[in-house]
Amino acid sequence: MAERPLTLMAVHAHPDDEATSTGGVLARYAAEGVTTVLVTCTDGRCGDGPGGVKPGDPGHDPASVVAMRQAELEASCEVLKVTHLETLGYADSGMMGWPTNDQPGAFWITPVDEAADRLAELIRQYEPDVIVTYDENGFYGHPDHIQAHRITMAAVAKTDVPAKVYWTTVPRTALGEFGRIMRELGVEWAEPDESEPQLGLPDDEITTWVDTSSYGTQKYDALATHASQTENIFFLQLGRERFTELMGMETFVRVRDVTGAPTPENDLFAGLR
Ligand SMILES: [Zn+2]
């Protein structure tokens, strides 16, 4: 039906987020001939530095962290066969409450409209049929993830281009099981705190279940390219085999659709091909 290849755009906050929550769909759809566009909003300067130096500690040089993470991001895109990588280059805002939240250039204090205009330009350029980003809580409350959500929804409203828009999510049943496994592996993994907004969604609110189990190795290898952040990427501790077993299904909630494809669906492009 389409004369040009279908196009998927994923909008993420930091280098490494592309692999964590959408590595499977990026790899799978690229293999199916879909054009894939990754937009990474921040430079990741609040990540760990060479030798695991933490942000704020002596020897943590944001400029060298940025250069290292850009190289890792490019390597991840090669693994996932991302067609186009676009970086917006805002300063990583760090975790909620960090002084970096309002440093000059921080993504968190950038006016939504201003960043959305830049993203809208990319949307007009690539004309994605499908856009994927985070929910309004940025899945887990990181300011840059929340901001990525806000600018994406604003840019979609400005352009009216994508036929479908999705937010990444995780089934609560899977989260419980995952926490159990991580604690078993000795990873500090907090029990759900009832006073905080719950992560993920009940299974019956998830509209879209995409089987990416054949691409588990690629997803793991993409995550592993972010070697400087290994301490923060808990999933790597599962090892390739267990990871592939556990992370084979990527789930989404569909928040915009002009195709009328019935839900639950098992393909982000259902109704478009
Ligand atoms: Zn992130």
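The values are calculated or read from the model by the stated rules, or taken from the named source; none is laboratory data. These figures come from a predicted structure and were not determined experimentally. Using ideal geometry, Cβ is built from the backbone for each residue, glycine included, and neighbour counts are taken over all protein chains shown. Note: areas computed on protein heavy atoms with side chains; ligands, DNA, RNA excluded. Shrake-Rupley method; radii C 1.70, N 1.55, O 1.52, S 1.80 Å.
Here Lys81 is the anchor, and the lysines within straight C-alpha reach of less than 27 Å, apart from those fewer than 8 places off in the same chain, are Lys164, Lys219. Compactness check for segment 135-181: Cα Rg over 2.2 N^0.38 Å is 1.45.
Surface composition of segment 1-47: carbon and sulfur atoms hold 47% of the protein heavy-atom accessible area at a 1.4 Å probe. Within the chain, antiparallel bridges make up roughly 30 percent of the DSSP beta bridges whose residues both belong there.
Taking every Cα-Cα distance in segment 226-270 and sorting them into 5 Å bins starting at zero, the pair-distance distribution P(r) comes out as 5, 16, 20, 13, 11, 12, 13, 8, 2 percent. Apolar share of the accessible surface for segment 147-188: 53 percent from carbon plus sulfur atoms, 1.4 Å probe. Think of it as helices only: each DSSP H run of n ≥ 4 in the chain is worth -39500 (n - 2.57), and spread over all residues that comes to -11500 deg cm²/dmol at 222 nm.
In summary, segment 103-223 shows an alpha-carbon radius of gyration equal to 1.25 times the 2.2 N^0.38 Å reference for compact globular proteins. Sites counted here are chymotrypsin sites (Phe, Trp or Tyr not before Pro) in a DSSP loop (not H, G, I, E or B) having no more than 15 other Cβ atoms within 10 Å; the longest part of the chain that contains none of them is 1-139.
If the Kirkwood radius is taken over C-alpha pairs of segment 175-264, then at 4 °C and 1.567 mPa s the Stokes-Einstein diffusion coefficient equals 85 µm²/s.
The mean sequence separation of alpha-carbon pairs under 8 Å and at least six residues apart, normalised by the residue count of the chain, gives a relative contact order of 23 percent. Expressed to the nearest 5 percent, the antiparallel share of DSSP beta bridges inside segment 129-254 is 60 percent. The loop-placed GluC sites (Glu not before Pro) in segment 19-111, going by DSSP, that have at most 15 neighbouring Cβ atoms within 10 Å of their Cβ come out as Glu32. The convex hull built on the alpha-carbon positions of the chain has an orientation-averaged projected area of 13.9 nm². What separates the Cα centres of segment 100-122 and segment 210-273 is a distance of 27 Å.
The Stokes-Einstein estimate for segment 95-157, based on a Kirkwood radius over Cα pairs and taken at 10 °C with 1.306 mPa s viscosity, is a diffusion coefficient of 130 µm²/s.
Note that segment 178-256 presents 56 Å² accessible area per residue, ligands and nucleic acids not counted, probe 1.4 Å.
Going through segment 54-144, which trypsin sites (Lys or Arg not before Pro) have at most 16 other Cβ atoms within 10 Å and a DSSP loop state? Qualifying residues, ordered by number: Lys81. Shape summary of segment 64-108, radius of gyration then Dmax from alpha carbon positions: 12.9, 36 Å. Taking amide H as placed 1.01 Å from N in the peptide plane, the amide H of Ala13 sits under 5 Å from that of Cys41, each at least 5 places away or on another chain. At an R0 of 45 angstrom, the distance between the Cβ atoms of Glu191 and Glu121 translates into a FRET efficiency of 0.55.
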